[in-house]
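> Next up is a structure, given as structure tokens.
The values are calculated or read from the model by the stated rules, or taken from the named source; none is laboratory data. Bear in mind the structure is a predicted one, so any value in this text is a computation, not a measurement. Here the Cβ is made from the backbone with ideal geometry for all residues, glycine too, and neighbour counts use every protein chain on show. To get the accessible areas, we keep the full protein, side chains included, count just its heavy atoms, and leave off ligands, DNA and RNA. Shrake-Rupley method; radii C 1.70, N 1.55, O 1.52, S 1.80 Å.
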Amino acid sequence: MTIDLHTHSSVSDGTASPADLVRAAAAAGLEVVALTDHDTTAGWVEAVAAAEECGIGLVRGIEVSARYRGAPVHLLAYLPDPRDQALQAELGRIVAGREERVPAMLARLRELGIPATEAALAEVSPSNRVTGRPHVADLLVRLGVVADRDEAFARYLADGKAAYVDRYAADLISMIGLVDAARGVAVVAHPWGRGSAPVLDERAFAELAGAGLAGVEVDHLDHDAAARSGLRAIAGRLDLIVTGSSDHHGTGKTGHGLGCETTAPGQLRRILDRAAALGSPTGLVGRARR
Ligand code: AMP
Ligand code: ZN
Ligand code: FE
Ligand code: FE
């Protein structure tokens, strides 16, 4: 069984619509896919319809922008109740922070002599999307300033570069509590990838587990073999669920093809059982025809 629990659609910074993403996952032979757009549940309804149409299992999730001891940490929240008001209110604050940051990044770029206007950005990122640096990167590609998103981050958008602007992120411990209260399952995304590695040691994971963390994403392209074995050992000692995922962004991120990293069926079962035990109304959908 091929299970991929971390993908992005064009509702955030992936390139395929939620329906097309789900269809692509089915066409790629996945049996279960999770949609985990940044900081929003806006793609869920469309993804459910597509999953039911093509008979692929869909796990509804969110990749939440959080902060722990000053470092950015991404938290995957699987199967929370999307009507939970406290969770949605905090997601709203994060999205508002993203929207405030965009004009500031464009202004920095203009100071560098690059004609990065809001109107030009709107062409690569319509206003119904959760905007991020990848969209600003797409604008730089369109303007001919860089060749691709990676070069845009390396030269302008990565933390510390000239057009980088910070934004609001949720406190990680509080967010784990909000996800749990919304009857969802919290899993730290790519903990030893970019940014969060220095703060997420075993003591930190123990603290997070005490706050309600359920799992850790181990098999991710940002992790080399040593990182994977270290994280797997920590997960074993703390009895955390272990996941693996592509972090697919469509054509926006090379090398992250659907299903390039996967989660074991028994670990998915633990996620589904935990959500069910919490009374989540958001189970696995779309497998009725199998
Ligand atoms: P943002 O949500 O605006 O903070 O941007 C984060 C997104 O940009 C994530 O989806 C990452 O996959 C992507 N990203 C972050 N750093 C880089 C980088 N150095 N090169 C390419 N993409 C990156
Ligand atoms: Zn992304
Ligand atoms: Fe991430
Ligand atoms: Fe991601």
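> If you go through region 261-283, how many residues are open to solvent by 50 Å² or more (accessible area, probe 1.4 Å) and either within 21 Å of S17 (Cβ to Cβ) or acidic (D, E) (or both)?
Selection size over region 261-283: 1.
> Quick one: I94 ticks every box in (1) surrounded by fewer than 19 Cβ atoms within 10 Å (Cβ to Cβ); (2) at pLDDT 95 or above; (3) β-branched (V, I, T) except a single one, so which number is it?
It is condition (1) that I94 fails.
> Determine which member of the set V130, V124, V136 is within 10 Å of ligand 1 (Cβ to nearest atom) and at pLDDT below 95.
Only one candidate qualifies: V130.
> Is it the case that some residue within region 38-55 is polar (S, T, N, Q), within 16 Å of ligand 1 (Cβ to nearest atom), open to solvent by less than 10 Å² (accessible area, probe 1.4 Å) and under 19 Å from A186 (Cα atoms)?
no
> Just one of (1) among the β-branched types (V, I, T); (2) without any contact (Cβ under 8 Å) to a residue 12 or more places away in the chain; (3) within 16 Å of ligand 1 (Cβ to nearest atom) trips up V64, so point out which.
Result: V64 fails condition (2) only.
> Please count how many residues of region 149-177 are not hydrophobic (A, V, I, L, M, F, W, C) and not in a loop (DSSP other than H, G, I, E, B).
Residues flagged as not hydrophobic (A, V, I, L, M, F, W, C) and not in a loop (DSSP other than H, G, I, E, B) within region 149-177 amount to 8.
> I'm trying to understand the selection: among the residues of region 219-239, which are charged (D, E, K, R), open to solvent by 70 Å² or more (accessible area, probe 1.4 Å), at negative phi and not in a helix (DSSP H, G or I)?
The answer is D224, and nothing else.
> Quick check on my filter: what residues within region 134-148 are assigned to a helix (DSSP H, G or I) and open to solvent by 60 Å² or more (accessible area, probe 1.4 Å)?
Passing the criteria: only R142.
> Oh, and also: From the set of residues in region 1-14 that are under 17 Å from the mean Cα position of the chain (by Cα) and more than 16 Å from ligand 3 (Cβ to nearest atom), which is most open to solvent (accessible area, probe 1.4 Å)?
Top of the filtered list is S10.
> Something else now. Among the residues of region 15-37 satisfying the criterion of being among the hydroxyl-bearing types (S, T, Y) and modelled with pLDDT of 95 or more, which is surrounded by the fewest Cβ atoms within 10 Å (Cβ to Cβ)?
Taking the candidates together, the pick is S17.
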